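The values are calculated or read from the model by the stated rules, or taken from the named source; none is laboratory data. These numbers come from a predicted model, not from an experiment. Backbone-built Cβ (ideal geometry, glycine too); neighbour counts: all protein chains shown. Only protein heavy atoms, including side chains, enter the accessible area calculation; ligands, DNA and RNA are left aside. Shrake-Rupley method; radii C 1.70, N 1.55, O 1.52, S 1.80 Å.
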Amino acid sequence: MNMEIHNWGLNVGKVEITAVGSSSVFLIGDNDSIVLSSFFDTPPESFTVGNIVPLSLS
Amino acid sequence: MHDRISNVGQIYTIGISNAGILNIGDSHQATPKARTMAIQKEGPTIKKDLQFEDYSIFRQKANWPKTLQSAKVRKKTIHHDVNINVRQVSLMALSTSSIFQVGNLNKISSEARVKHFRMLQDNEQN
């Protein structure tokens, strides 16, 4: 696959980010290759049968 | 090859903690890694030393994608204007081995592992 990129500048006014966390990257610039991997493990008892709190008030 | 220039007018950040990196300038490679144990515990907090090695989530091998030989991509980049301009960045928190970089960063391979614990009192076990 041939890919040709023409850059005519890049202008961003304002960036507002609350948090950048757990091995993540906020990059203003060029990059070749990004490989991200994440593992996540929740305790079995976090699955509770019964009173499920409604997420929305509908 | 990457001769673009990042210009940032103003950076406003509140907290950089737990091996966070605010990098202004070019770098070649970054491999951030984070191992976290999040513990929600009821009752008195007693000193309990949990070891990372005891849990398989921290021992598992990360399965990095094999470099896709099949999708041979020939990339040609032409910079007519080398500037990347950002007027203002406001970032509240940068933590747990994460990176905020102004400039080029060629290779990034990052890994984050989180294990959650919930330790309830025995009498309330429903």
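A few notes on this one:
- Calculated diffusion of the protein assembly as shown, Stokes-Einstein form, Kirkwood radius summed over Cα pairs, 4 °C and 1.567 mPa s, µm²/s: 65
- Most to least accessible of B:Glu42, A:Glu16 (protein chains only, probe 1.4 Å): A:Glu16, B:Glu42
- The count of lysine pairs in the range B:8-126 that are at least 8 places apart or cross chains, and whose C-alpha atoms lie under 28 Å apart, stands at 22.
- Once A binds B, the 1.4 Å probe can no longer reach about 4700 Å² of accessible area, counting both sides.
- A simple spin-label model places pseudo-atoms 7 Å from Cα toward Cβ; at B:Ile21 and A:Trp8 they are separated by 3.5 nm.
- Across chain B, Cα pairs under 8 Å and at least six residues apart give a relative contact order of 60 percent.
- For the protein assembly as shown, the share of accessible area belonging to carbon and sulfur comes to 55 percent (1.4 Å probe, ligands and nucleic acids excluded).
- In the context of the full set of protein chains, residues of chain B present 66 Å² of accessible surface per residue (probe radius 1.4 Å, heavy atoms only).
- Semi-axis lengths, Å, the range B:5-119, gyration tensor of Cα atoms, sqrt of 5 times eigenvalues: 36, 24, 10
- If you plug the beta carbon distance of A:Phe26 and B:Gln121 into 1/(1 + (r/R0)^6) with R0 = 41 Å, you get a FRET efficiency near 0.50.
- Under 20 Å from the B:Val73 label point (7 Å along Cα→beta-carbon), backbone N, the range A:1-28: A:1-10, A:25-28
- A simple count of charges around B:Ala38, restricted to other residues whose Cβ falls under 13 Å of its Cβ and scoring Lys, Arg +1 and Asp, Glu -1, yields +4.
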